[in-house]
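Since the structure comes first, as C-alpha cells, the remarks are kept for the end.
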2 protein chains.
Amino acid sequence: MTGGGRGGASRVAIPEDSLFGPENLPYGVFAPAAGGYRVGARLGDTVLDLAALLDDPIFFRADLNALLATGPTRWREVRDRVRELAETALPVHAQHPLHAVRMKLPIRIGDYVDFYASIDHATNLGRLFRPDTEPLLPNWRHLPVGYHGRAGTVVVSDTPVVRPKGQRRTDSGATDFGPSRSLDIEAELGFVVGTGSVLGVPVTVDEFTEHVFGVGLVNDWSARDIQAWEYQPLGPFLGKSFTTSLSAWITPLDALADARVPLPTQTPAPLPYLRGSDDHGLDIDLTVRWNDEVVAHPPYARMYWSPAQMLAHLTANGASVRPGDLYASGTISGPAPDQRGSFIELSWGGTQPVTVGGEIRAFLADGDRVRITATAPGTAGRPIGLGEVGGLILPAR
Amino acid sequence: MTGGGRGGASRVAIPEDSLFGPENLPYGVFAPAAGGYRVGARLGDTVLDLAALLDDPIFFRADLNALLATGPTRWREVRDRVRELAETALPVHAQHPLHAVRMKLPIRIGDYVDFYASIDHATNLGRLFRPDTEPLLPNWRHLPVGYHGRAGTVVVSDTPVVRPKGQRRTDSGATDFGPSRSLDIEAELGFVVGTGSVLGVPVTVDEFTEHVFGVGLVNDWSARDIQAWEYQPLGPFLGKSFTTSLSAWITPLDALADARVPLPTQTPAPLPYLRGSDDHGLDIDLTVRWNDEVVAHPPYARMYWSPAQMLAHLTANGASVRPGDLYASGTISGPAPDQRGSFIELSWGGTQPVTVGGEIRAFLADGDRVRITATAPGTAGRPIGLGEVGGLILPAR
C-alpha cells in the first residue's frame, strides 16, 4: 500500500527542535478524524499510519500486542523500515497531524506489576511512615521489592481521574468512608513486555532486551489515606487500583541505546540471579508539572535496581510473562528536594505544603492537572522525548 | 444444530449418587478426542457439547468470557435450556465421557484479586507470625483485606506445579536463593465476574448477583519462606505468583441458591458501603486431600466477609471489573484443627508436623499431590459438587 493513493505524497516536516525525530519513533494506537484505531509511529508532530504504510496485519489493530509478540528481530525490521520511510515522500493519507487524532491505551495489558526501585523514594517514605526506625526495611537492598497492581484500570494519558472514595481511619481512631483527602501522584517509568516466556522458566538479567519492547511514562495515582489504613499485611490495594495512567506513546528500547548509564553501586552485591554481564540504568530525566508549574525533576539515572533486574526478579520463581505485560519502576525520586516524584515527598507528608499557582497545596485538589514528561539522550546526539502522561482530577462521584 | 446428527440420540445416564445432576450443571471448556476447545456443561460423568447443542457462537470458544459478558438474563436462559435438554434424548455426538476430554483454563482472566476473609485463618497466621501481639491487625474487622495476584499464572486444575525458587533469609541472617523449603497450599473459593462495570462507579453489595457469574475452587500455592522475606511493605509477590490453580468447572450462582446461609455476626458493624439488604454466606464444605489422605475439611460457611462485600470493597474506589475477572476468598479455615485450609496452619508453622501416608510432613515434598473438592446443598434436596482442583508437585528446575 506504499506510495500513490489519495492526495499525492510529501516528506514529513519535522520542527527543528523536535524531540521526535527519526531516531525516536515511538509507537502508539490512534484513530484519525475518520476511521478506526490502528498502529502509528510519531515523527515530529505527525502520526504515521503504519497500517497504510506497511503491509502487515499487526498494524491493523487497536493495540500493539501483535507487534509486541513478534519479537526483537521483527521489532528491529519494522523500526529500520519506518526510519527509511521517514526519509522519503510518504502518501499524504498516511500522515496525520498529532492534534487531529485520538489516542487510546496502546497495550492490552496482561499483568501490571509496580516496583519500588528508587532508594531515595523508599528512604523518604520510610522516614515519613516509620520515623523511629531505620528507613529502609531489611529486604530492600537484597531484592527489588514489588507487587501486582490492577491491570484493568490502567488508562491512557489524559483520561480524567475521578477522585476515589475509600475507607480510612480518622484522627479520632474511628473509620469513615469518603473522597480521599490525600490524592497523590507517583512519577514512574513503565516497561512493556514484548516476547512472552514459559511458565517455570525464569528470564535472566541478560535476556532483558529479548523480552522487553520499550518504555512508557506512568503516573500511579495514589490515595495516601486509603493506602495507609488498608495496606497491612497484604500491601497497597484500593489506594492504588482506582486509576493508573500510561503515556500514549511507547518508546522502543533501541531508541534509548545512548541513554544507557552504569547502575549505582549496589551494596551488598546482589545474589547471582540478579547479576548480568552488561546491566545498566537509563539516563532519563522526568519533569513533573502541577497546573503547568514545574514542581520536580526526578532523575531515572539514580534508580537503584535496573529494569533487567526487576524482570529477572519478577520471573525468578518461574512466573511467566506475556506480550503486553507492564511493569513500572515505582516512584522516581532523587536526593534533592526538587527531585521527588510524589507529592507526599515534596510536601513531606503534608507538613511542608507546596505553593502552586499562588495556592498552598500538599495533595491534589479537584480541577488540578498533572503532566509528566521526560527526555533522554538520543542516538543522533540530541535529546529525544518520551511522550507525556497527563491527567485532570475530577470530583468524587 | 440440535437433534439428528451422527450416531442417533440418547438420554444422558446419570449415576444415582452423582453430585452433578441437572440441578448443578457447571460450565467448562473442553476438547473432545478429535476437535478443538469449546464450551461444555457437566451432567453426571458426561460433558455436554454446548457448541453442538445450542445455536450461539458464544459456545464456539476456548473460554467462557463471551458467555460471562452476556449478563444474568442470558445466563438464566442458557441454564434453563440446558436443563430442558438434560431431560431429553440428545445427539450422541454432543455427549462426551468426562474421562475422554481435555479440559483447559475456563476463563481468560483479567485481574485476579485474593482476599483474606476467614477470621480463623487470619487469626492463626497472626499468632504464627506475630506471637506477641493481637493476632488480628486493626483494619481486619473493618474491611475485607485483599491484594492483587498474578492473573497470567493461573492454571487449570491438574496442571503440574513446579516448585518455585526464590530468595529467602536463612537462619543465620544471610540471604540465599534456591528451591522453596516451605511450599504450601491455600484452599479457597474463587468468584468469577461476568458482567463488567464502569470505571468510577462502584458495584454495591446488592448488585452482586448482577455481576458475579459463578464459583470455582482455587488452590493458591504459596512458598512461605519466599513470602516471609519479601512481603514488607508491599505484600506477597513471588511467594504466590508462580502458580495458582483453578478448577476446570465453574458452578453458576443459581446452582447455589439453597446453599445461602446467614453471615457470622460482624462486629463492629460494617460501614454502609459494605452492607446490603439480602447479603449472605455460602454453606460449602471443602475437603483437602494430601496424597489421597484427607487432612482438612474447611467450612466456607464460617467466612467472615461475604462474596458480595468483597466485590463491593474491591470496587468502592471506582475500580472497574471486567468479564473474566477472578477474586478469591483467601484461605478457608474453621476454628477446629482439622478445618485449616493451609499446611502452615495444619502443622502450626512446621512445629507440629502432620503424618501423611506414614510420612512426617510440614510442607509439600516433590511428588506430592493435593486435591481439593467441595460440596454444597443443591436445589434438588441433595448435595451438589463444585468440581475439584488438583496438582502434583514437580521438582524445582
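Bear in mind these aren't lab numbers, they're just calculated from the coordinates by the rules spelled out. None of these values were measured; they are calculated from a predicted model. Cβ: placed from backbone, ideal geometry, glycine included. Neighbour counts: every protein chain shown.
Above 21 angstrom, tally the Cα pairs of the range B:209-296 and express them as a % of all pairs, no decimals. Cα-Cα pairs in the range B:209-296 separated by more than 21 Å: 58 percent. Counting Lys and Arg as +1 and Asp and Glu as -1 over every other residue whose Cβ lies under 11 Å from the Cβ of B:PRO383, the net charge comes to -4. The residue of chain A whose Cβ sits closest to the rotation axis that maps A onto B, together with that distance in whole Å, is A:GLY235, 1. Taking a ≥ b ≥ c as the square roots of the eigenvalues of the Cα gyration tensor, an a/c ratio of 1.5 or more together with a/b larger than b/c marks the range A:73-141 as prolate. Under the shape rule built on the C-alpha gyration tensor, where the axes satisfy a ≥ b ≥ c, the range B:174-222 is prolate, since a/c reaches at least 1.5 and a/b is greater than b/c. Counted by neighbouring Cβ atoms within 10 Å, the residues B:PHE20, A:PHE237 run from fewest to most as B:PHE20, A:PHE237.
With the charge dipole of chain A set up from +1 on Lys and Arg Cβ and -1 on Asp and Glu Cβ about the Cα centre, the Cα lying farthest toward the positive end among the listed residues A:GLN232, A:ALA248, A:SER197 is that of A:GLN232.
Using θ = phi - 60° in the Karplus curve 6.51 cos²θ - 1.76 cosθ + 1.60, the 3J(HN,Hα) couplings for the range B:48-56 round to 8, 7, 6, 5, 7, 8, 10, 8, 8 Hz; x is entered for Gly and Pro. Quick check on the range B:36-190: take the gyration tensor over C-alpha atoms, sort the square-rooted eigenvalues as a ≥ b ≥ c, and tell me if it's rounded (a/c under 1.5), prolate or oblate. Judged from the Cα gyration tensor, the range B:36-190 comes out prolate (a/c at least 1.5, a/b above b/c). With θ taken as phi - 60° and the Karplus curve 6.51 cos²θ - 1.76 cosθ + 1.60 applied, the whole-hertz 3J(HN,Hα) list for the range B:335-351 is x, 7, x, 8, 10, 8, x, 9, 6, 5, 7, 4, 9, 6, x, x, 7 Hz, x standing for glycine and proline. Please compute the Cα-Cα pair-distance distribution of the protein assembly as shown with 20 Å bins starting at 0, giving whole percents from short to long. Bin by bin from 0 Å, the calculated values are 16, 48, 31, 5, 0. Taking a sphere under 15 Å around the Cβ of A:SER222 and counting the other residues whose Cβ falls inside, with K and R at +1 and D and E at -1, yields a net charge of -1. Centre-to-centre separation between the Cα atoms of the range A:221-298 and those of the range B:321-361: 36 Å. A simple charge model with +1 on the Cβ of Lys and Arg, -1 on the Cβ of Asp and Glu and nothing else charged puts the dipole of chain A at about 820 debye relative to its Cα centre. Mind giving me the FRET efficiency for A:LYS104 and A:ARG79? R0 is 22 Å, r the Cβ-Cβ distance, nearest 0.05 is fine. Once rounded, the FRET efficiency stands at 0.50. Three semi-axes describe the equivalent ellipsoid of the range B:291-382; taken as square roots of 5 times the Cα gyration tensor eigenvalues and ordered largest first, they are 31, 18, 14 Å. Taking Lys and Arg as +1 and Asp and Glu as -1, the other residues whose beta-carbon sits under 11 Å from that of A:SER245 total -4.
The 3J(HN,Hα) values that the Karplus relation (6.51, -1.76, 1.60; θ = phi - 60°) gives for the range A:258-266 are, in residue order, 8, 9, 5, 9, x, 6, x, 4, 9 Hz. Gly and Pro appear as x. Remark on the range B:112-394: ratio of C-alpha radius of gyration to 2.2 N^0.38 Å is 0.97. Here r is the Cβ-Cβ distance between A:PHE60 and A:GLU210 and R0 is 30 Å; the resulting FRET efficiency, rounded to 0.05, is 0.70. Spacing of the modelled spin labels on B:GLU293 and A:ALA9, each 7 Å from Cα toward Cβ, amounts to 7.7 nm. If you wrap the Cα atoms of the range B:347-393 in a convex hull and average its projected area over all directions, you get 4.7 nm².
Once the range B:251-328 is represented by equal point scatterers at the alpha-carbon sites, with solvent omitted, what log10 I(q)/I(0) does the Debye formula produce at q = 0.12, 0.25 Å⁻¹? Ignoring solvent entirely, the Cα scatterers give -0.45, -1.27. Mind pulling up the Rg/Rh value for the range A:9-104? Radius of gyration and Kirkwood radius, both on Cα. Computed over Cα atoms, the ratio is 0.93.
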